[in-house]
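Notes follow the structure.
The values are calculated or read from the model by the stated rules, or taken from the named source; none is laboratory data. Just so we're clear, the structure is a prediction, and the values are computed from it rather than from any experiment. All Cβ positions, glycine included, derive from the backbone under ideal geometry; neighbour counts span all protein chains shown.
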Amino acid sequence: MNREDLKIKVKNIVEKATVLKNKHIDNKNVPVNYACIFCQSEKEYDELLRIARKIGKAIKKTPTGLLFQIKPLKTVSGVLKLLKIRIPDPTRPELGDADFTIGDFPEFEKKYLSKKNFKLIQRKDFKMIELMDSDFDVRAYFSDPPLDKQLNLK
């Protein structure tokens with residue numbers, strides 16, 4: 001795999017997550033905030049980290065993997081600047097996920113949280129709504145505040 005293959009993989013995850021999101025929510029014009037690749041082996045994780053370092057810089061180490069600020073990448077849901085490479089996790093058999101920025105999160109939460117396929121995940125400094133659908137090999141997330149705001153990025 002090379003840089004271009006990685007970019008194609010990321011764009012593919014964002015595109016599939018966009019289709020997933022659009023199947024379940026009314027507002028189709030919510031921009032992507034960040035994307036994550038779910039690695040399925042240590043070998044894949046090491047290889048993707050090596051390539052990700054060529055398209056961006058690691059800006060945060062998390063318990064589940066490294067977060068990179070990448071050169072702006074055009075996707076079907078806007079420009080992507082954040083990419084996470086996730087360590088192998090048997091609970092994440094999918095290709096990856098995309099996180100979308102919702103303008104009015106409280107309203108979104110009220111409208112969708114009770115619906116099938118949506119689940120609230122509460123963290124110390126933020127919360128997110130996970131969207132999963134067995135017809136898809138990706139996940140979609142909606143975070144409050146969005147990751148770029150949590151990290152004070154422009």
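Looking across region 68-95 at every residue that is closer than 15 Å to L6 by Cβ and of a type in the set (A, V, I, L, M), the one that is surrounded by the most Cβ atoms within 10 Å (Cβ to Cβ) is identified as I85.
Per-residue answers, yes or no, for (1) in contact (Cβ under 8 Å) with a residue 24 or more places away in the chain; (2) more than 17 Å from K9 (Cα to Cα); (3) out of contact with any strand residue (DSSP E or B) (no Cβ under 9 Å at 6 or more places or on another chain):
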{"site": "V30", "(1), (2), (3)": "yes, yes, no"}
{"site": "A52", "(1), (2), (3)": "yes, no, no"}
{"site": "I59", "(1), (2), (3)": "yes, yes, no"}
{"site": "I70", "(1), (2), (3)": "no, no, no"}
{"site": "T75", "(1), (2), (3)": "yes, no, no"}
{"site": "P90", "(1), (2), (3)": "no, yes, yes"}
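The listed residues are I102, I129, and the only one of them that is of a type in the set (A, V, I, L, M, F, W, C), in contact with a strand residue (DSSP E or B) (Cβ under 9 Å, 6 or more places away or on another chain), free of Cβ contacts under 8 Å to residues at least 40 places away in the same chain and over 21 Å from K11 (Cβ atoms) turns out to be I129.
Set side by side, the residues N12, N33, N29, N22 differ, and just one is within 18 Å of the chain's Cα centre (by Cα), in a loop (DSSP other than H, G, I, E, B) and under 30 Å from K115 (Cβ atoms), which is N29.
Restricting region 103-125 to residues that are at pLDDT 95 or above and closer than 23 Å to F38 by Cα, the residue that is surrounded by the fewest Cβ atoms within 10 Å (Cβ to Cβ) is Q122. Looking only at residues in region 85-108 that are more than 14 Å from K127 (Cβ to Cβ) and of a type in the set (A, V, I, L, M), the one that is farthest from the chain's Cα centre (by Cα) is I87.
Number of residues in region 76-100 that are closer than 18 Å to K23 by Cα and touching a Ser or Thr at 6+ places or on another chain (Cβ under 8 Å): the value is 5.
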